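Attaching a single structure in structure tokens format; questions to follow.
The values are calculated or read from the model by the stated rules, or taken from the named source; none is laboratory data. All of these numbers come straight from a predicted model, not from anything done at the bench. With ideal geometry, Cβ positions are generated from the backbone for all residues, glycine too; neighbour counts draw on all protein chains shown. Quick note on the areas: whole protein, heavy atoms, side chains included, nothing else; ligands and nucleic acids left out. Shrake-Rupley method; radii C 1.70, N 1.55, O 1.52, S 1.80 Å.
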Amino acid sequence: PALPAAAPIVTPADAPAVVVLTSGTTGGPKPAVLSVAAMTASAAAWLAFLPPASGWLLALGLGHVAGLGVVWRAALSGVPVVIASRGDTDRVLAALRADPRPSHVSLVPTQLARLLDSAGDARPPEALRAVLLGGGTVPPALVRRAIRAGWPVVPTYGLTEAGSGVTALPSAEAGEHPASAGRALPGVNLRIDAPGGDGVGHIEVRSPALFSGYLGDPAATAAALGPGGWLLTGDLGRLDPEGRLD
């Protein structure tokens, strides 16, 4: 109490917050720069979509934008983060059941499948309100299995260059649309470029959570960011009549 109060640190919104390597699923990974504004916008979009959280379980690595997103969402909403070993299914399940019981968790499909195996497809802890599922292809059979067991699964689609999530599907719709990645998050614009007869085309995204560019690679940045600020994801998808991304 006798120490003088420290002056607040003011960080410009456009200042770089993190540099995250893209996953490199279909090519070499590139270092994507995400600003303070982008990470904050991504967290705010998730918080506007999800039910209120009382705490988050961090079961993803902090070298990935999904893991970093968990920390930013918790910080923005002022709730605790419980850290669990991502490679230990029993510890993740124990952390969900222990106090302070997290209400939200973000997982990749393999993690959820192992959790359901370990739990014997039993119902989740009562405090659990949202299980974000992404980071790769989400098998419809896994979504159906989790919904049958009462787990509040939220299938998602996102990418590093978009600050994490782009779309999400409410748990209430996941049982009827297990192959869908949901609708655009609040503040996110989504469109399909040059769709074919089946509606499939390249997914393009515009939002305040987009990255600033690839570190030291202006050519790759220019190739990824099209006219009007649209991110050319390179991913294929289609929108159903109700705006859900498949």
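For (1) in contact with a helix residue (DSSP H, G or I) (Cβ under 9 Å, 6 or more places away or on another chain); (2) modelled with pLDDT of 95 or more, each residue gets a yes or a no:
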position: A13; (1), (2): yes, no
position: T26; (1), (2): no, no
position: A37; (1), (2): no, yes
position: L58; (1), (2): yes, yes
position: T89; (1), (2): yes, no
position: D99; (1), (2): no, no
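Scan region 74-116 for residues that are over 22 Å from I147 (Cα atoms), touching a Leu at 6+ places or on another chain (Cβ under 7 Å) and either β-branched (V, I, T) or buried (at least 18 other Cβ atoms within 10 Å of the Cβ) (or both) and jot them down.
Listed by number, the residues that qualify are S77, V81, V82, I83, A84.
Here is a follow-up. Taking the criterion of being within 18 Å of the chain's Cα centre (by Cα), over 30 Å from P218 (Cβ atoms), among the polar types (S, T, N, Q) and in a helix (DSSP H, G or I), would at least one residue in region 79-101 satisfy it?
no
Continuing with the same structure: Checking R73 against (1) over 13 Å from the mean Cα position of the chain (by Cα); (2) under 22 Å from G158 (Cβ atoms), which single condition isn't satisfied?
Of (1) over 13 Å from the mean Cα position of the chain (by Cα); (2) under 22 Å from G158 (Cβ atoms), only one is false for R73: (1).
While we're here: For region 124-240, list the strands (runs of 3 or more DSSP E) that sit wholly inside it and hold at least 1 residues that are open to solvent by 50 Å² or more (accessible area, probe 1.4 Å); which are they?
In region 124-240, the matching strands (runs of 3 or more DSSP E) lie at 189-193, 201-206, 231-237.
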